[in-house]
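The values are calculated or read from the model by the stated rules, or taken from the named source; none is laboratory data. Predicted model, so just to flag it, every value in this text is computed and none were measured. Every residue, glycine as well, gets a Cβ built from its backbone with ideal geometry; the counts of neighbours run over all protein chains shown.
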Amino acid sequence: MRHVLWIGLLLQSWAIAASDISVFGLGEERAVVSYGGGKVRVLRPGDTLTEGVKLLAADRESALFLVHGHKHSFTIGQAITTAQVAGKTPELILTADPSGHFFAQGSVNGGTLRFLVDTGATHIFLNASDARRLGVNYLKGQPGYSSTAGGTIRVWRVKLDEVRIGDLSARSVDAVVSEKDAAPFALLGMSFLQRMHMNRDGDRLTLSQRF
């Protein structure tokens, strides 16, 4: 009964599948999951769901699993799988949200960040507050201005040491930092995506490492 009440208090619950793992709800230091359509369980970091599948971390936005040696991050409204066969090119599969957008939980210079995949953006686009949190000293970057729907804003062009989404990664990636915090997520632009193969099939987007 306590678990039922706790699930009901979640801000949002959902089902996300990667291989045959399903996540139904998330909270601080816990995840409500099932494996292979079986019994729903509440896991805490360090708990094992089945052989080779362990919960590493969880909060209200995402759950990080170690699945047969590969890390899988589960977030709201998307499904993610990564290559699990030795020697296979790293691969990431994203599922569109109800608005048709693709979101991915990733990291910049080791700090976590939520991305919106945007093939129309030339570079990765960060808010100033995210840049500061990630240790990006954007004020030492190349200053300039960018025209947006809300008008002209001041920006700085910088290089990010490393950008990672699942098992996909790129180093020395061009990015633009805006002085205004326009959105609660970053844009994953072509400075990262051009290093990947991209294949869209309906509401699924597959990314695989090119170089």
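Descriptive notes on the structure:
- Candidates Ala182, Ala121: the one that is at pLDDT below 95, over 16 Å from the mean Cα position of the chain (by Cα), buried (at least 17 other Cβ atoms within 10 Å of the Cβ) and assigned by TED's automatic domain parsing to the domain that holds Leu205 is Ala121.
- Residue within region 40-54 that is part of a strand (DSSP E or B), modelled with pLDDT under 80, surrounded by 18 or more Cβ atoms within 10 Å (Cβ to Cβ) and not assigned by TED's automatic domain parsing to the domain that holds Ile165 present: no
- When Ala170 is tested against (1) small (Gly, Ala, Ser); (2) without any contact (Cβ under 8 Å) to a residue 24 or more places away in the chain; (3) closer than 23 Å to Leu64 by Cα, only condition (2) is not met.
- Unmet criterion (only one of (1) touching a residue at least 40 places away in the same chain (Cβ under 8 Å); (2) loosely packed, with under 14 Cβ neighbours inside 10 Å; (3) outside any loop (DSSP other than H, G, I, E, B)) for Val163: (2)
- Qualifying residue in region 133-147 (condition: assigned by TED's automatic domain parsing to the domain that holds Gly106, over 30 Å from Lys71 (Cα atoms), of a type in the set (A, V, I, L, M) and at pLDDT 95 or above): yes
- Some residue of region 14-34 being at pLDDT 60 or above, basic (Lys, Arg), under 19 Å from Thr112 (Cβ atoms) and within 17 Å of the chain's Cα centre (by Cα): no
- Filter result (in a loop (DSSP other than H, G, I, E, B) and among the aliphatic types (A, V, I, L, M)) within region 136-160: Val136, Ala149
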